[in-house]
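Reviewing the structure listed below.
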Amino acid sequence: MAFDTTVKVIGDDVIYQFNPQLKQYALGDTGFVKNNAGSYVMKRSLEPEKGLDNAIKLKVVVDKALTGIKIKTVNPSGSATVNIFKHQKHVELEKLYHFYLNELVDREILKIK
């Protein structure tokens, strides 16, 4: 999946737009970690009672040039996308999902389009 400037997560009605004026330090302030490829990755558990390794996660990746973003909800191993909006525990998953993404909007990493 390529990095885009606008992203719509499977099942969500909201379209998120990447802030092109983003500065690198803002990513560190919000919990992003630089990976071996130079991209910035933030993973958040959507099932906190299970811990990060065993839970469905929100995964947000910003490319190393700070020009695009990917947003996905993935299974515990990170190998497959999960539609949390059709999950049996969708109410709880959606609540945390929106909390984390709204935090990125508040910190001006994302905008709602």
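We did not get these values from a lab; they are worked out from the coordinates using the rules stated. Quick caveat: nothing in here was measured; it's all calculated off a predicted structure. Glycine gets a Cβ as well: all are built from the backbone with ideal geometry, and neighbour counts include every protein chain shown.
A DSSP coil position with no more than 13 other Cβ atoms inside 10 Å describes the following GluC sites (Glu not before Pro) in the stretch 71-113: E108.
Using Cα pairs closer than 8 Å and at least 6 residues apart in sequence, work out the relative contact order for the chain, in percent.
On the way: 195 pairs, mean separation 33.9, N = 113.
Rounded, it is 30 percent for the chain.
Partners of K113 within straight-line reach, counting aspartates and glutamates whose Cα lies under 12 Å from its Cα and excluding those fewer than 8 residues away in the same chain: D13. Taking the fewest neighbouring Cβ atoms within 10 Å as the starting point, the ordered list for V60, V33, V105 is V33, V105, V60. Using a Förster distance of 22 Å, how high is the FRET efficiency between T5 and T81, based on the Cβ-Cβ distance and rounded to 0.05? About 0.65, to the nearest 0.05.
Panel note: the C-alpha atoms of the chain, placed on their principal axes, show extents of 38, 30, 25 Å (largest first). I'd like the orientation of helix 90-106 relative to the chain: the angle between its Cα long axis and the longest Cα principal axis, in ° from 0 to 90, rounded to 10. Helix 90-106 sits roughly 10 degrees off the main axis of the chain. Coupling constants for the stretch 71-77 follow from the phi torsions by the Karplus curve (6.51 cos²θ - 1.76 cosθ + 1.60, θ = phi - 60°), and in residue order they are 10, 9, 10, 10, 5, x, 7 Hz; glycine and proline get x. Computed from backbone phi, the HN-Hα couplings of the stretch 33-50 come to 10, 7, 9, 4, 7, x, 7, 9, 10, 10, 10, 10, 6, 9, 10, x, 5, 9 Hz, rounded to whole numbers (Karplus: 6.51 cos²θ - 1.76 cosθ + 1.60, θ = phi - 60°; Gly and Pro given as x).
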